[in-house]
Structure formats: structure tokens, C-alpha cells
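Written out below as C-alpha cells is the structure these notes cover.
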Amino acid sequence: MDIREVIAGANSREGGSAPEPGEDSNRDGPPYGNDGDADAEEDSTDGEASSPARKKRKSDRHPGKPKNTLVWEHIIITEQPSGVNDQKCKYCDKVKLSKQLQTTFWTMHLVDPAKGCPNCPLEVRQALAANSRSADVHRAASMISDQTPAMLAAKMHPPIRRKKKSEGGGGGTAGPSPSAAGTPSRSKSFHNQMKPTIVGICGSQRTGSFNKMLFGLAMQQLSAEGANAKEIDLKALDLPIYDADLEKDKFPQAAKKLKADLVSADGIIIVCPEYNGFVSPLLLNAITWATRGEGRMYAGFKDKFVTLMSASPGTMGGVRMLRSLQQMMQDMGAIVVPGNNSVGNAFQTFDLEGQICDERALRKVETAVYQLVRYTRYQANRDRDAVMDDTVIRMHNMGEYGRVDW
């Protein structure tokens, strides 16, 4: 059978006719069947539903239409016949020729005061920085604003929090209660309880240390959460290198004070850099002295909630040190709060003023500190006269000198 007969038979069943050889089949309508006839029947028929509109394609968009209108409000775009866009800053003579719109390039140009536009208004820089999630833009904006870029970004992109029932988020119809008129902070909601005492130790004391910057932010957050934050300055203590003969003949007063501060605390926060996959010698020497002297060997760490943090220029953020330090704390009877509290890429995460300019890292620090305050608050307010609690506290660890009492 000839192929022409097959095509003619198929068109006759569909109500159409086969085109003649050499005749253009698309001359009387669009290239998709008999859409032209369908449109005519649709116009002449009442009550029938209209066909769905064709989805917009990427090619339908105007090639010069910008996606980020906030950036392009300050850039003049002139389209050339050749397809190359002439892009020029409104505040300076900077010009860039490109077929595509350079959103990232112009954002950095407007925000960065050192390498970018010198005449851009301050409010424009702040608005662009707050609307961006780029770490490079936040780092550049930190030099032109008294507010950290994370704070600027938080105003434009506030974290989503679940509403309480008193705020009308529990599905009920009742409005907010009188006590929730002014939303109180977490620290004020525990005003009837004792504030936990948390001591902080930093394993690095050099000038410009990223771990020292992280330690300062953590101590500030402890106070904001309602805890009694107390810093132990290892540089001011000036502990000598541990020596058993020195322990026997003349025990340092600084070591006695260090152990007393640890014993009286409800929780401990330690921020330390990574030295060859382990803690710094400064911190290791302090921990060694804190486990000597009067009282039980591990009295400064046993039954204490401990949060470990670290910062590093590398991507891992000192995680190897955190694992070894966590094992050491657990062997001494401490309760390590779980969580990966390592801050990597420190050169991009911290600005020149020592503030965290990465919103994700800032949330990580805030969460770690809040968890520590949460657990130590129970520690500070629990009933220490309970028989079970008193028995657990007086138990020996397997690693302690002396016999094991059960």
C-alpha cells in the first residue's frame, strides 16, 4: 500500500483531508494540527469552557528584564542593536558591557565602599546588604554600617517562629493574654528561678584569634539569655607548666582558684582552636591543674553541663579537636551538650570588628548557648537533697584514683 493512501485514511477518520504532494500543510493554520479550526468553533459555541492558555516559556521573557529590581533601580541599562547591554552606575562612571545582566557584580560595586562606588548613598548600601544573602556582600557591608550584616539581613528575612497559643497561633479564637502584651525574652520568663552560673574558658589568648572572637560573642549571648557568665582568663592566671614536684611542694594559688571556680559553676563553655587534631597546650595545662589539689579529682567537671566550640580558617572548623575534647570531658564525668559547634571559613565568617557576618553561623552560636543555659538552669534549681541525686554526685568514676563505690 502506498504511504499516501495511509495518510489519507488517517485524515479522513479525523475529519480532515490529506495534503497534496508538494503542498504546505501549515499554510492555513498553526503548526499544531487544526488549532485554527478549533478556535473558530470555540468562538461560535456558547457555554463551552475555554482551552487553557499556553504556559509562558523562558524565551517569552524580555531579554533585558532584570530579576532583582532593588539592584537595578540604581543601574542604567541601554540595549544595543548587537544584543550587548550597556550597563552604567548612576552614582559614578563605572560601565560594563555584557549580554547578560551582572546582578552580583553591580551589588558588590554598590555595597563595597573600598573597591566599589564611592558616591553610593549609605541607605542604598544598607538596603542592598540587607536584601542579600551573599557572604561577600555582608563582609563588604560591615565596613560601612554600625550594624552587623547579619542584623541587617535578619530585618529583611526574619526567622520563622511558631506562634504560641497566647499569641493566637494555637488554633483557638481567643486573643493574646494580658501577660503576653509585651513579648518577654526567654530570660525574663524564668525570673522566679535561680540564674545558672556558667564559666567560660578560651584556649587561645593571642591577639586577633578567631576563637577569642567566638568566645567573646558566646559570653555576650550567655548574659543575654539570663545566665551569670564568668570568664576565666588563662593568660591572667599565668599557670606554670604542670610538674608533680611543684604540685607536692608549692601548689599554685592560681590553680586553686581555677578549680574553685569550676566547682562552683553549673555549666562550662570551652572555646579552643585545633592544634594537630587536639586541644591547645594552654587549655590542656589548665585542665591538668584543675584536676589536682584538694577535693575530688574531677570535682570541677563532674556533673557539669559543658558546651564545646571551635573556629578555624579551614572548612572543618576544628571538628577533630572537638571530638577529642568531648571524649576527655566525658571521661571526667561532664555532660557534653550535643551539637556540632564548629565555625569554619573564619576569614569569611568574621568581619574586621570581630563580629560574625554569616547569618547561619550566628544562628548556630545562639542555639548552642541557649541549649547550655537551658540545661544549666535545671541544674541550678534542682533539689540537691534528693537521695538519688546525692548518690550519683558522690559516686566515683572508673578513671579516678581510689576504689569504686557503687
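The values are calculated or read from the model by the stated rules, or taken from the named source; none is laboratory data. Everything numeric here is computed off the predicted structure, so don't read it as measured data. Glycine gets a Cβ as well: all are built from the backbone with ideal geometry, and neighbour counts include every protein chain shown. Side chains included, ligands, DNA and RNA excluded: accessible areas come from the protein's heavy atoms. Shrake-Rupley method; radii C 1.70, N 1.55, O 1.52, S 1.80 Å.
Being outside any helix (DSSP H, G or I) and surrounded by fewer than 17 Cβ atoms within 10 Å (Cβ to Cβ) is the filter here; which residues of segment 247-262 pass it?
Hits for segment 247-262 are 250, 251.
Kindly indicate whether any position in segment 279-287 is open to solvent by 70 Å² or more (accessible area, probe 1.4 Å) and free of Cβ contacts under 8 Å to residues at least 60 places away in the same chain.
There is at least one residue in segment 279-287 that is open to solvent by 70 Å² or more (accessible area, probe 1.4 Å) and free of Cβ contacts under 8 Å to residues at least 60 places away in the same chain.
Being open to solvent by less than 20 Å² (accessible area, probe 1.4 Å) and either hydroxyl-bearing (Ser, Thr, Tyr) or closer than 25 Å to residue 360 by Cβ (or both) is the filter here; which residues of segment 117-131 pass it?
Selection gives 125, 128, 129, 130.
Quick grid of which residues meet (1) in a helix (DSSP H, G or I); (2) more than 22 Å from residue 378 (Cα to Cα); (3) open to solvent by 10 Å² or more (accessible area, probe 1.4 Å); (4) not aliphatic (A, V, I, L, M):
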{"position": "198", "(1), (2), (3), (4)": "no, no, no, no"}
{"position": "214", "(1), (2), (3), (4)": "yes, yes, no, no"}
{"position": "219", "(1), (2), (3), (4)": "yes, no, yes, no"}
{"position": "222", "(1), (2), (3), (4)": "yes, no, no, no"}
{"position": "229", "(1), (2), (3), (4)": "no, no, yes, no"}
{"position": "235", "(1), (2), (3), (4)": "yes, yes, yes, yes"}
{"position": "242", "(1), (2), (3), (4)": "no, yes, yes, yes"}
{"position": "245", "(1), (2), (3), (4)": "yes, yes, yes, yes"}
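Could you say which residue among 307, 315 is more than 13 Å from residue 334 (Cβ to Cβ) and β-branched (Val, Ile, Thr)?
Only one candidate passes the filter, namely 315.
Looking at segment 289-348, which of its residues are in a strand (DSSP E or B) and either open to solvent by less than 30 Å² (accessible area, probe 1.4 Å) or hydroxyl-bearing (Ser, Thr, Tyr) (or both)?
Scanning segment 289-348 gives 306, 307, 308, 309, 310, 311, 336, 342, 343.
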